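The values are calculated or read from the model by the stated rules, or taken from the named source; none is laboratory data. Not measured: the values here are computed from a predicted model. Cβ sites come from the backbone with ideal geometry, for glycine too, and all protein chains shown count toward neighbours. To get the accessible areas, we keep the full protein, side chains included, count just its heavy atoms, and leave off ligands, DNA and RNA. Shrake-Rupley method; radii C 1.70, N 1.55, O 1.52, S 1.80 Å.
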Amino acid sequence: MRLLLVEDNVPLADELTQGLQRQGYAVDWLADGRDAVYQGSSEPYDLIILDLGLPGLPGLEVLTQWRASGLATPVLILTARSSWAERIEGLKAGADDYLSKPFHPEELMLRVQSLLRRARGLANQSTLEAAGLQLDEGRQCVTRDGEEIQLTAAEFRLLRYFMLHPQQILSKSHLAEHLYDGETERDSNVLEVHVNHLRRKLGRSVIETRRGQGYRYAGSAE
């Protein structure tokens, strides 16, 4: 899953970026509201974390412009604890959730997970489940029929994306756009290697190849 973090506090942005990357997210970071308006609208992010106190253009105006242009990407806003009016204005402008500073990094991670599931119609699930597999996002492993299967970081990122989009045909270019940040070289051959690794661990039919189209997560272990 590819996230955009818009935060001008550099130490906090570094801390959040590293924490999100450890959880398997690809993260792009911006510190200026003017840059965020353009990049948030032009890149295929799965979720955006937006601070409201930004230079260049206030976060509330950034959010307003995104929603006016039709951007439906889930947005989690960060606000000062005392700024209850900002939180209300942010929700009115189209934010999906908010988090008051200071906050515990684990709470941010849980809210990110919840928003991503909600966006895929999986809001009632406490864990990510699809087609017989249960994904433990904290421990980055998967369970099937009580058996725990360990995953590498790359396998975890790929499987999580498939499980959030079950039965959908996903092209290699689409997967690359959502699994890697803007600075990482996107190699479709690497994706193919990781797909094959998942098949060896989970069964050949878990991920179906659609020739000329991409891949489809089916969940069968035949």
Legend entry - Failed item, numbered, when Asp145 is tested on (1) of a type in the set (D, E, K, R); (2) open to solvent by 50 Å² or more (accessible area, probe 1.4 Å); (3) modelled with pLDDT under 90; (4) under 27 Å from Glu7 (Cβ atoms): (4)
Inset, instruction - Would you point out which residue out of Asp51, Asp14 is surrounded by 16 or more Cβ atoms within 10 Å (Cβ to Cβ) and among the acidic types (Asp, Glu)? - result: Asp51
Inset, instruction - Scan Leu110, Leu116 and give me the residue that is touching a helix residue (DSSP H, G or I) at 6+ places or on another chain (Cβ under 7 Å) and part of a helix (DSSP H, G or I). - result: Leu116
Inset, instruction - Would you confirm whether any residue within the range 28-35 is open to solvent by 50 Å² or more (accessible area, probe 1.4 Å) and part of a helix (DSSP H, G or I)? - result: yes
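Every residue, every condition in (1) more than 22 Å from Met1 (Cα to Cα); (2) of a type in the set (A, V, I, L, M, F, W, C), yes or no:
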residue: Trp84; (1), (2): yes, yes
residue: Ile88; (1), (2): yes, yes
residue: Gly94; (1), (2): no, no
residue: Leu99; (1), (2): no, yes
residue: Glu107; (1), (2): no, no
residue: Gln113; (1), (2): no, no
residue: Arg118; (1), (2): no, no
residue: Leu135; (1), (2): no, yes
residue: Arg139; (1), (2): no, no
Legend entry - Residue check for Thr184: assigned to a loop (DSSP other than H, G, I, E, B) and surrounded by fewer than 16 Cβ atoms within 10 Å (Cβ to Cβ): yes
Inset, instruction - Test Tyr215 against the criterion of being aromatic (Phe, Trp, Tyr) and either in a strand (DSSP E or B) or touching a Lys or Arg at 6+ places or on another chain (Cβ under 9 Å) (or both), and give yes or no. - result: yes
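Being in contact with a Phe, Trp or Tyr (Cβ under 8 Å, 6 or more places away or on another chain) and exposed (fewer than 14 other Cβ atoms within 10 Å of the Cβ) is the requirement here; does Gln167 meet it?
So Gln167 passes the test.
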Legend entry - Among (1) under 19 Å from Arg111 (Cα atoms); (2) at pLDDT 95 or above; (3) open to solvent by 20 Å² or more (accessible area, probe 1.4 Å), the one test that Tyr38 misses: (1)
Inset, instruction - Scan the range 57-66 and give yes if some residue there is closer than 25 Å to Ala153 by Cβ and part of a loop (DSSP other than H, G, I, E, B), otherwise no. - result: no
Inset, instruction - Looking only at the range 66-95, count how many residues are out of contact with any Leu (no Cβ under 8 Å at 6 or more places or on another chain) and among the polar types (S, T, N, Q). - result: 2
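Could you run through the range 170-181 and say how many residues are over 15 Å from the mean Cα position of the chain (by Cα) and either of a type outside the set (S, T, N, Q) or surrounded by 13 or more Cβ atoms within 10 Å (Cβ to Cβ) (or both)?
Adding up the residues that qualify gives 3.
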Inset, instruction - Would you please list the contacts, defined by Cβ atoms under 8 Å and residues six or more apart or on different chains, that run from a residue in the range 42-54 that is under 13 Å from Asp181 (Cβ atoms) to a residue that is in a strand (DSSP E or B) and not acidic (Asp, Glu)? - result: Glu43/Arg2; Glu43/Leu4; Pro44/Arg2; Tyr45/Arg2; Tyr45/Leu3; Tyr45/Leu4; Asp46/Arg2; Asp46/Leu3
